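The values are calculated or read from the model by the stated rules, or taken from the named source; none is laboratory data. Note that the structure is a prediction, hence the values are computed from the model and not measured. Neighbour counts run over all protein chains shown; Cβ positions are idealised from the backbone, glycine included.
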Amino acid sequence: MHQHSSIWSLPSGFSRPTHNAEKLKSATSQLGVLVQNGTISSDDYQVFQRAAIQVQELMPSLQQTSDTWGIIHADLHQGNYVFYDEDVRPIDFSLCGFGFYLYDIASTLGDIEASFCLHFFEGYTNFKSLPTNYQSIVEAFVVSSTVENYAFPSANPQEHEWLSHAVPYVVKNHFHSYFNGETFLFLK
């Protein structure tokens, strides 16, 4: 998909959202409702804010070239792809837009066991090259993807119970490691 995106010519008038620092900032703000209604603690929300700011500060330093940026699915979790013969086929393109290819990968790897992450990248590099610091970039985008994916259901009261457990979990198991420069996605 990323190979095709890197050579695809956009049709005239084509418009899709951009997955960038502004989108992340908006998603972070949207999560504030969870503090107001008591779903998450103010401390956990502050960790989300701090993590989002750290990712927002990283984004301008990343080069937007045809090898790194283009049309992405942006929601490639395990429920949004199916297997046909030996091919993986993405479905549900509702969040499709412009963004970094590593963001797309991050949205996939957030649901995958750490022991498979390096294998995923071994396969991916058969099709596209990766920057030497790809692991730290992917982990930053896992943070970004998590914030955006948690903001989406935050307005739905039926999701608040799940969010009340999910937010503290990622704060403890992912975001604190991210702040300390420790990997949380790849085996240590």
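Which ones in region 100-152 are among the acidic types (Asp, Glu) and in contact with a His (Cβ under 7 Å, 6 or more places away or on another chain)?
Start the filter on region 100-152 by keeping residues that are among the acidic types (Asp, Glu), which leaves 104, 111, 113, 122, 139, 148.
Of everything in region 100-152, those that are among the acidic types (Asp, Glu) and in contact with a His (Cβ under 7 Å, 6 or more places away or on another chain) turn out to be 104, 111.
Residues that are in a helix (DSSP H, G or I), aliphatic (A, V, I, L, M) and within 15 Å of residue 168 (Cβ to Cβ): does region 39-54 have at least one? Show your work before the answer.
If we filter region 39-54 for residues that are in a helix (DSSP H, G or I), which is where we start, we get 42-54.
Right, trim to aliphatic (A, V, I, L, M) and you get 47, 51-53.
Filter once more, so that each one left must be within 15 Å of residue 168 (Cβ to Cβ): 47, 51.
Within region 39-54, one or more residues are in a helix (DSSP H, G or I), aliphatic (A, V, I, L, M) and within 15 Å of residue 168 (Cβ to Cβ).
Right, residue 143: in contact with an Asp or Glu (Cβ under 7 Å, 6 or more places away or on another chain) and either surrounded by 14 or more Cβ atoms within 10 Å (Cβ to Cβ) or within 26 Å of residue 64 (Cβ to Cβ) (or both) or not? So that I can check it myself, show each step before the final result.
Working: in contact with an Asp or Glu (Cβ under 7 Å, 6 or more places away or on another chain): no; either surrounded by 14 or more Cβ atoms within 10 Å (Cβ to Cβ) or within 26 Å of residue 64 (Cβ to Cβ) (or both): yes.
No.
Take the conditions under 27 Å from residue 16 (Cβ atoms) and not in a helix (DSSP H, G or I) and apply them to residue 129. Does it pass? Even if it seems obvious, please write down each step before you answer.
On the way: under 27 Å from residue 16 (Cβ atoms): yes; not in a helix (DSSP H, G or I): yes.
Yes, satisfied.
Looking at (1) modelled with pLDDT of 85 or more; (2) more than 14 Å from residue 141 (Cβ to Cβ); (3) of a type outside the set (Ser, Thr, Tyr), which is the only condition residue 73 fails?
Residue 73 satisfies all of (1) modelled with pLDDT of 85 or more; (2) more than 14 Å from residue 141 (Cβ to Cβ); (3) of a type outside the set (Ser, Thr, Tyr) except (2).
Under 8 Å between Cβ atoms, which residue pairs at least 6 apart in sequence (or on different chains) link something in region 30-41 that is without any contact (Cβ under 8 Å) to a residue 40 or more places away in the chain with a partner that is in a loop (DSSP other than H, G, I, E, B)?
That search, which allows pairs on different chains as well, returns 35/41.
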